[in-house]
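Some notes on the structure that comes next.
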Amino acid sequence: MPASALHLSDRHFRSIAQLIEGQVGIKLPPGKRLMLEGRLHKRVRALNYSGVNEYVETLFEADQLDSELTHLIDAVTTNKTDFFREPAHFTFMREAAVPSLLKAHSRNQLKVWSAASSAGMEAYTAAIVLDDMTRTGSRFAFRILGTDISSAMLQQARAAIYPRETISPVPPEFVKRYFLRSRDPLCDEVRVVPELRRTTHFMRMNLMDAKYPVDRDVDIIFCRNVLIYFERETQRKVVEQLCSHLRPGGYLMVGHSESMVHSVVPGLKQVQPTVFRV
Ligand SMILES: C[S@@+](CC[C@H](N)C(=O)[O-])C[C@H]1O[C@@H](n2cnc3c(N)ncnc32)[C@H](O)[C@@H]1O
């Protein structure tokens with residue numbers, strides 16, 4: 001493919017940027033053009049187009065968009081995640097949030113929502129910490145929901161199979177208890193144990209939607225490292241809507257570079273720089 005085939009014209013870049021911001025909320029300022037070109041390239045090759053501009057033109061032809069949008073969203077979303085990412089949140093959950101929630105409510109069932117769950121590592125980390133708590137004295141049951149817009153990420157989250165190096169942040173006793181190794185010595189993958197997988201469910205959901213099909217008595221919501229991609233007004237709407245799904249006293253945790261939601265959403269009670277309570 002000639003180098004020119006990789007470059008998006010201004011017009012095509014703008015139409016994709018508008019489409020993505022309208023559908024998913026993710027801003028694509030001009031500085032993201034190279035990134036977008038690189039990511040579309042793989043899809044362009046898979047579909048045998050002559051270049052990215054032809055791909056964009058075809059995309060807007062009748063009936064194309066519906067079938068292609070999922071792939072386009074998979075291509076433009078940044079899915080970086082880790083087990084025990086920003087670990088202070090999980091320490092806070094164990095030491096402060098869960099004890100306080102259990103004390104305040106008679107119901108001993110906790111609901112946790114990972115609202116941009118990517119490949120599922122955030123949801124499974126929460127499941128590991130909660131399961132460990134139930135083995136060390138606390139008596140409660142829990143359910144975890146993971147939602148994301150990327151179908152490819154949801155597929156990986158449901159399979160719960162990860163390259164072995166991804167579990168390096170997981171404490172060794174948890175690796176032993178919560179991950180299975182393949183019997184094939186050449187296979188360098190691990191899988192989350194069925195007992196944890198049974199507590200954790202994944203569903204496709206767009207944070208831009210007007211309504212979320214989720215219970216309104218969630219105890220803890222993780223919405224980390226996604227708000228940063230949204231415009232201020234979108235951040236406000238999303239955070240307000242997420243909070244309306246928390247039970248009184250429930251917690252919202254955002255990413256370490258997202259503490260600005262405090263100034264965006266009036267009335268949020270800030271417990272720590274990136275932890276809020278309703
Ligand atoms: C960088 S990852 C963060 C994953 C995880 N929360 C963490 O902090 O490790 C951002 C995720 O947000 C998802 N995402 C982006 N826009 C979204 C939207 N409008 N609705 C739902 N998920 C979205 C992406 O698909 C991606 O998986």
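For (1) charged (D, E, K, R); (2) free of Cβ contacts under 8 Å to residues at least 24 places away in the same chain; (3) out of contact with any Ser or Thr (no Cβ under 7 Å at 6 or more places or on another chain), each residue gets a yes or a no:
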{"residue": "Thr166", "(1), (2), (3)": "no, no, yes"}
{"residue": "Tyr178", "(1), (2), (3)": "no, no, yes"}
{"residue": "Glu195", "(1), (2), (3)": "yes, no, yes"}
{"residue": "Arg198", "(1), (2), (3)": "yes, yes, yes"}
{"residue": "Asn206", "(1), (2), (3)": "no, no, yes"}
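Evaluate the following for Asp209: is it acidic (Asp, Glu), open to solvent by 40 Å² or more (accessible area, probe 1.4 Å) and away from the ligand (no atom under 16 Å from the Cβ)?
Against the criterion (acidic (Asp, Glu), open to solvent by 40 Å² or more (accessible area, probe 1.4 Å) and away from the ligand (no atom under 16 Å from the Cβ)), Asp209 does not qualify.
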Checked against (1) outside the structural domain of Arg247 (by TED's automatic domain parsing); (2) surrounded by 19 or more Cβ atoms within 10 Å (Cβ to Cβ), Arg14 satisfies every condition except (2)
Complete set of residues in the range 34-68 that are at pLDDT 90 or above and either of a type in the set (Asp, Glu) or open to solvent by 60 Å² or more (accessible area, probe 1.4 Å) (or both): Leu34, Glu37, Arg39, Arg45, Ala46, Leu47, Asn48, Ser50, Glu54, Glu57, Glu68
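Yes/no matrix, rows are residues, columns are (1) away from the ligand (no atom under 16 Å from the Cβ); (2) free of Cβ contacts under 8 Å to residues at least 60 places away in the same chain:
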residue: Gln109; (1), (2): yes, yes
residue: Ser114; (1), (2): no, no
residue: Ser118; (1), (2): no, yes
residue: Glu122; (1), (2): no, no
residue: Ala126; (1), (2): no, no
residue: Gly146; (1), (2): no, yes
Among the residues of the range 72-104, write down those that are small (Gly, Ala, Ser) and surrounded by 17 or more Cβ atoms within 10 Å (Cβ to Cβ). Ala75, Ala97
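Taking the conditions exactly as written (in contact (Cβ under 8 Å) with a residue 12 or more places away in the chain and part of a helix (DSSP H, G or I)), does Thr134 satisfy them or not?
no
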Across the range 1-26, what is the number of residues that are within 13 Å of the ligand (Cβ to nearest atom) and outside any helix (DSSP H, G or I)? 2
Give the range 179-206 a look and list any residue that's touching a Phe, Trp or Tyr at 6+ places or on another chain (Cβ under 8 Å) and closer than 19 Å to Arg85 by Cβ, or say none. Val190, Val192, Leu196, Thr200
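Give the residue, chosen from Arg198, Arg181, Arg204, that is within 13 Å of the ligand (Cβ to nearest atom) and either open to solvent by 80 Å² or more (accessible area, probe 1.4 Å) or at pLDDT below 95 (or both). Full working, then the answer.
Working: Arg198 fails: within 13 Å of the ligand (Cβ to nearest atom); Arg181 fails: within 13 Å of the ligand (Cβ to nearest atom).
Just one listed residue meets the conditions, Arg204.
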How many residues are open to solvent by 50 Å² or more (accessible area, probe 1.4 Å) and either touching a strand residue (DSSP E or B) at 6+ places or on another chain (Cβ under 8 Å) or at pLDDT below 95 (or both) when one looks only at the range 136-155? 4
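The values are calculated or read from the model by the stated rules, or taken from the named source; none is laboratory data. No experiment lies behind these values; they were computed from the predicted model shown. Cβ coordinates were reconstructed from backbone atoms using ideal geometry, including for glycine residues, and neighbour counts include every protein chain displayed. With ligands, DNA and RNA removed, areas are computed over all heavy atoms of the protein, side chains included. Shrake-Rupley method; radii C 1.70, N 1.55, O 1.52, S 1.80 Å.
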